[in-house]
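Could you have a look at this structure, given as C-alpha cells, before my questions?
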Amino acid sequence: MNSPSKSILTAAIVLDVVLILVFAGIGRDAHHRDQGVLGVFVTAWPFLAGALIGWLAGRVWRAPLRLWSAGVSVWLGSLIGGMILRALTGQVVVLPFIIVATLFLALVLLGWRAIWLLAVRVGSKRRAL
C-alpha cells in the first residue's frame with residue numbers, strides 16, 4: 001500500500017483539527033461562554049488530545065482518508081479521550097453532552113471522509129465511462 005502524500009496527510013490533520021474546533025466553538029456559543037477564542041481552545045483541547053491519541057493508536061497517518069479504520073479511530077479517540085480528559089480536569093461531562101458530542105463528532109470526523117470517498121468513487125466511475 002502506498003503512503004499518502006504529505007499534502008493529503010496535512011489536509012486530513014487540518015480538517016480534523018478545524019472540525020473539532022468548530023464543535024467546541026458551537027458549544028461555547030450555544031452556552032454563552034466568555035473568553036472568546038481562548039474559551040474555544042479550553043473546550044477543544046481534551047478532544048484534540050483525544051484525536052491525537054486516536055491518530056496514534058489507529059496509525060491514521062498510513063491512510064488518513066479511510067472511513068474505517070482511520071475515521072473511526074479519530075472519532076472514538078476524540079470522543080472517549082476528550083470525555084476522560086474533561087472529567088479528569090473537572091470540566092462538565094453529562095449524558096446530554098456525551099450524546100451531542102458523540103453525534104456531532106461522528107458526523108464531522110466520519111462525514112468528511114465519507115464525502116471524500118464518495119467523490120473518489122464518482123470520479124472513478126466518470127473516468128471509466
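The values are calculated or read from the model by the stated rules, or taken from the named source; none is laboratory data. Because the structure is a prediction, the values reported are computed rather than measured. With ideal geometry, Cβ positions are generated from the backbone for all residues, glycine too; neighbour counts draw on all protein chains shown.
Is it fair to say LEU48 is at pLDDT 95 or above and under 16 Å from TRP116 (Cβ atoms)?
No: the conditions fail for LEU48.
Determine the pairs where a residue that is more than 18 Å from PHE104 (Cβ to Cβ), located within the stretch 5-23, has a partner that is among the small types (Gly, Ala, Ser) and surrounded by 18 or more Cβ atoms within 10 Å (Cβ to Cβ) with Cβ atoms under 9 Å apart, the partner being 6 or more residues away or on another chain.
Pairs that qualify, where the first residue is more than 18 Å from PHE104 (Cβ to Cβ) and the partner is among the small types (Gly, Ala, Ser) and surrounded by 18 or more Cβ atoms within 10 Å (Cβ to Cβ), are ALA12/ALA70.
For the stretch 4-27, how many residues are of a type in the set (Val, Ile, Thr) and either farther than 18 Å from LEU56 by Cα or surrounded by 19 or more Cβ atoms within 10 Å (Cβ to Cβ) (or both)?
4
Moving on to the next point. Counting only residues that are basic (Lys, Arg) and out of contact with any Ser or Thr (no Cβ under 9 Å at 6 or more places or on another chain), how many does the stretch 19-70 have?
1
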